[in-house]
Structure formats: C-alpha cells, structure tokens
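Input: a single structure, listed below in structure tokens.
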Amino acid sequence: MASGGLHSLATIIKRLEATTSRLEDLASLATSYLPPAAQVAANASSNASANSEPTPVPPPPPPPLAAIPPPVVSEEIPESVTAFDERILEGKVKPFVELTKSFASPSVIEQQVGLVEQEFKDLRELILIAATCKKPDQAEYEKLLAPLQKDIEAITRAKEANRKDREWFNHLSTVAEGAPCAGWVTISPKPGPYANEIKDSTQFYGNRVIKEFKEKDAKHVEWVRAYVAIQEEQQKYIMEYHTTGLVWNFKGISVEQFKASSSGPVAAGGAPPPPPPPPPPAPVAPPPPMGGAAPASSGGINAVFEQLNKGEEVTKGLRKVDKSQMTHKNPALRAGNTVPATSASSPGNDRIAAGKKPTKPSKPQALMGKKPPKFALEGNKWAIEYQENQSPLTLENVEINQTVNLYQCKNTTVVIRGKCNAVTIVNCTKISVLVESVISSVSVTNSPSFALQITGKAPTIQLDSTDSGQIYLSKECLEAEITTAKCSSINISIPVEGEEEGVFNEHPIPEMFRTTIVDGKLVTTAVEHAG
C-alpha cells in the first residue's frame with residue numbers, strides 16, 4: 001500500500017515538471033520576438049519579481065485644475081433696457097435720424113445727428129451695465145461716463161464749427177442744447193426735473209426754427225417736434241424706471257467682470273468650450289480611534305446645537321458696544337445712516353459727530369463741460385451767452401429791428417442803450433439788466449434772483465417760472481402790462497410822484513388767489529390781507 005502511494009506521488013511530480021517545462025518554453029518563445037533591449041528588461045523584471053514582494057500600483061495623478069472661467073452675463077435683456085430700446089431708440093431716435101437725412105444739410109446730418117444717435121447708444125450701454133452690475137466707486141463711474149462726455153462735447157463743437165451756416169445754425173443750436181439730456185444719469189435723487197430743464201432749453205431754439213420755417217417748409221417744424229419728442233419720451237422713461245436716479249443691480253456682478261465677459265473671444269459659429277473636468281475626490285478621513293471622543297464639528301447643524309448647549313456662556317465672546325456707537329444715544333450716527341467700526345476717538349467718528357454732510361454726486365456741468373462765453377451780433381439778434389461775473393456789458397445804439405437774447409449768464413450786469421425790438425432772458429442767475437426802451441416785450445424765463453430796470457417805455461413784461469425778482473419802472477412805463485406764470489417773490493418798484501428821481505415805492509405781485517363760480521363761470525381775484 002505504501003509503495004503504491006509513493007508511485008502515484010512520483011507520477012504527479014513528473015507531470016508537474018513536464019507542465020512547467022512546457023510553460024517555460026512558451027514564455028521563451030514569446031520573448032524571442034521582442035527587440036534585444038526589451039528582452040533584457042523582461043528578463044530583469046521577471047528575476048526581480050521572483051526575488052521580491054510585489055510593488056503596489058501607484059494611483060493615477062489628479063487631473064490639472066482648469067482655469068476658472070469668468071462669470072457669464074445672462075443673455076436676458078433687463079426690462080429697463082428693453083423699454084429704452086423700444087420707446088426711445090426705435091420709437092423716437094431712429095425716426096428723427098431718418099427725417100433729418102431726408103432734407104437737412106450735411107453739417108446737420110453728418111456731424112450732429114450721427115453723434116446724437118451714438119450718444120443714445122452709449123447711454124443705452126450705461127443703462128445695461130447698471131442693470132447688470134453693482135454700483136462702482138466714483139473713479140470707475142467717471143470712466144463709464146467718459147463716452148457720454150465725448151459725445152456731448154463733439155455735438156457742441158459741431159455747432160461752433162458751423163457758425164457760418166446761417167440757414168442751419170438754429171437747427172445746430174437746437175441739437176446742441178438738447179445734447180446734455182444724457183446727464184440725468186449723474187443726478188440723484190430727482191433726475192426728472194433736470195430732464196425737463198434740458199427740454200425747455202431745447203425748445204427755446206426750436207421755437208426759432210418753427211418761427212422761421214412755419215410758412216416756408218413744414219418739414220422743419222416736424223423736425224423740431226421730433227427732437228423735442230425724444231426729450232419728452234426720455235423724461236417719461238426716467239420717471240418710470242429711474243425715478244430717484246440711475247438704478248444699479250445691488251445683487252449683480254462687478255463692472256470688471258461684466259467687461260471681461262463682454263470682451264471674451266467667441267468662435268464664430270462654433271460650439272461653446274466643454275466644461276472643465278470635475279476636481280479629484282476628496283480623501284476619505286480615517287475613522288476615529290476606538291474609545292476616543294468624536295471630533296467637534298466645524299459647521300452645520302451640529303455646530304448650532306453645540307453653541308446652544310453652552311447656555312449663558314454663548315454670549316461671552318460678544319464685544320460690548322460703547323455708548324458713542326449707539327444710534328439711540330447719538331443723533332449724529334442716525335444722520336449718517338451707518339455706524340463706524342472704529343473707536344469713538346478715531347478721525348472717522350469725529351467727522352460724523354461734527355455732522356459733516358456726505359459728498360454730493362457730480363453735477364451734470366462736469367459732464368457738459370464749460371462752454372465759452374459769447375457776445376456777438378448775429379444778423380439782427382444780439383446773442384449774450386455763458387457770461388459769468390461780468391460788470392457791466394454795454395450794448396450801444398441798438399436799433400429798433402434788433403432783439404437781445406441773454407442765455408445762461410450768471411452774476412452779470414447788462415446795459416442796453418437805445419430802443420430795441422425785444423429782450424429775452426432765459427436760464428440766467430443773479431442777472432441785472434438795464435433797458436432804455438423796448439417796442440414789443442421783455443421776457444424773463446427760469447431766471448431766479450433777477451433785477452430789471454426800464455428807464456424808457458416797455459408795453460409788456462412777461463415772467464415765467466421765475467422766483468425772486470425786482471423790477472424798476474420809469475414814469476413813462478407805468479402803463480406796462482405785466483403777466484406772470486409760476487412765479488413768486490416778484491416786486492415792482494414804482495417811482496413816487498412829486499419826489500426826486502430815484503425814490504420808489506415797492507409793491508409785491510400777488511401770489512394767492514381766490515376763485516369763485518359766478519353764473520357758471522370761474523371768477524378769480526387776488527387775495528388781499530388787511531392789517
């Protein structure tokens with residue numbers, strides 16, 4: 001029995017040796033087809049694997065981190081921008097440009113109206129930025145206003161460069177006066193009245209065009225009304241979408257991000273780039289040691305409950321607020337709307353405690369640029385514009401067919417000697433005018449704190465939208481008719497009969513009226529105060 005078992009074991013060993021020999025032959029046959037260098041490497045690796053433990057395969061390296069793409073601006077156009085496109089660009093500006101091209105001269109078409117169209121496109125771009133981005137600082141905001149400022153200055157230069165074109169100069173002046181209408185983006189909190197003032201200034205020169213071409217060519221009248229319609233529609237748009245100033249998106253992106261996403265290269269007709277690969281998986285934290293306390297959670301709901309479980313100790317980390325930083329005990333902080341983070345002795349708190357007013361926003365004059373003063377006779381019209389701190393400016397020997405127009409003068413005295421046709425004062429501040437005689441009328445519009453003296457005759461004096469004015473009449477001018485509309489604090493000084501020259505009695509123009517209904521009609525009388 002033992003000899004039979006040994007015989008079977010010897011047979012198995014022989015069969016295993018034969019199998020091993022055959023496998024070695026097959027391996028050597030496969031290696032013989034490799035190059036000599038590969039054969040040496042294969043033999044070395046086989047010997048090393050036979051004499052050492054297997055080496056673990058290293059994990060693949062994590063993919064490289066892709067560059068973070070800039071935030072993509074939403075392609076959806078904000079409602080305020082859509083309304084601007086429909087109501088102003090397409091509804092008013094485009095028809096005005098087409099009408100101008102149908103009949104106007106090259107100086108109006110090529111130089112001014114094209115700039116007006118570009119101005120409203122730049123204004124539209126600024127409104128889009130405001131609807132998408134957070135409000136930037138003052139320096140960045142001034143950079144955004146630079147295109148509008150260039151447009152306004154270019155429109156004004158086009159007017160000055162074509163003064164010799166007498167037939168179209170009133171048209172050029174009309175467009176130039178309306179150019180600063182885009183300055184409402186710098187006005188806060190009430191840009192609507194500013195837009196209305198620009199419309200009135202535009203209408204002043206527009207009325208000259210209407211008067212000149214009313215009987216000659218109706219297209220000129222239609223052209224003025226189309227341009228004024230742009231101002232009117234823009235004022236309605238401001239009152240609806242930007243009542244308190246240009247509205248910014250406080251949840252939006254920064255202006256730099258907007259510019260980066262707008263100027264990024266996009267392949268024409270190509271598909272968008274594929275998204276970056278996901279980051280490598282975070283390493284799995286090792287399990288906590290047996291029997292040890294679990295680590296404290298650094299966040300989430302567990303941290304909330306841990307803080308609540310502390311009881312009264314949860315308030316130990318809070319900083320005590322000083323009385324100087326409490327708004328209910330410091331009225332100056334309530335006026336400033338914000339509580340400073342620094343101590344009461346810091347310069348910032350001293351400035352707030354002193355009640356210093358916040359910095360006012362930039363006025364549209366910075367956007368418009370200062371215009372050069374003008375004192376010239378244009379045909380039969382004297383144009384006195386943008387004069388400041390001049391005393392006096394004298395017109396000698398004016399003729400009866402000449403008119404005198406004063407526009408946007410400040411702290412200036414004007415003396416008109418002789419008899420002229422009419423005197424017009426518009427948008428002036430603290431101006432003093434001495435007139436000898438006028439054939440038709442003296443008109444004062446939107447010119448606060450004015451002084452007017454008439455030494456001869458003037459049949460009519462018209463006052464509109466003006467506050468605080470003083471009018472001195474001569475004895476020959478006591479039959480003058482004075483009309484007022486939306487005026488206040490207007491005083492008329494009348495010479496005292498029997499006294500020497502220069503003695504006046506002052507009479508205020510009534511501002512309060514009483515209206516009653518008599519026989520179905522309204523009867524209005526001035527209210528008189530007795531006592």
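The values are calculated or read from the model by the stated rules, or taken from the named source; none is laboratory data. Remember, it's a predicted structure, so these values are computed and weren't measured experimentally. No Cβ is skipped: glycine too gets one built from the backbone with ideal geometry, and neighbour counts run over all protein chains shown. With ligands, DNA and RNA removed, areas are computed over all heavy atoms of the protein, side chains included. Shrake-Rupley method; radii C 1.70, N 1.55, O 1.52, S 1.80 Å.
Can you work out the accessible area per residue across the range 118-218, with the rest of the protein chains kept in place, probe 1.4 Å, in square angstrom? Don't skip to the end; give the middle numbers.
On the way: 4570 Å² over 101 residues.
For the range 118-218, the solvent-accessible area averages 45 Å² per residue.
Note on Ser102 and Thr515: the extension gain reaches 143.6 nm, defined as 0.36 nm multiplied by sequence separation minus the Cα-Cα distance.
Here the label points at Phe250 and Glu232, each 7 Å from Cα along the C-beta direction, are separated by 3.6 nm in the simple model. Kindly state, to the nearest 0.05, the FRET efficiency for Ile109 paired with Glu140, given R0 = 45 Å and r defined as their beta-carbon distance. Efficiency, rounded to the nearest 0.05: 0.80.
Length available on full extension from Gln462 to Lys410: 0.36 nm per residue minus the Cα-Cα distance, which gives 16.7 nm. A Förster distance of 51 Å, applied to the separation of the beta-carbon atoms of Thr524 and Lys259, puts the FRET efficiency at 0.30.
Measuring only protein heavy atoms, the 1.4 Å probe finds Cys409 accessible over about 0 Å².
Pairs exceeding a 29 Å alpha-carbon distance, out of Lys101/Lys259; Lys92/Lys211; Lys121/Lys214; Lys190/Lys374; Lys236/Lys486; Lys251/Lys370: Lys101/Lys259; Lys121/Lys214; Lys190/Lys374; Lys251/Lys370. When every alpha-carbon pair in the range 147-222 is counted, what percent end up more than 20 Å apart? Percentage above 20 Å: 39.
Can you pull the percent of the range 450-523's accessible area that's carbon plus sulfur, 1.4 Å probe, other chains left in place? Heavy-atom surface of the range 450-523 belonging to carbon and sulfur, 1.4 Å probe: 48 percent. Per residue, the accessible area of the range 373-448 comes to 42 Å² when a 1.4 Å probe rolls over the protein heavy atoms. Normalised by residue count, the range 83-181 yields a Cα convex hull volume of 86 Å³ per residue.
The label-point distance for Asp85 and Leu478, in a model that sets each label 7 Å from Cα toward Cβ, rounds to 6.9 nm.
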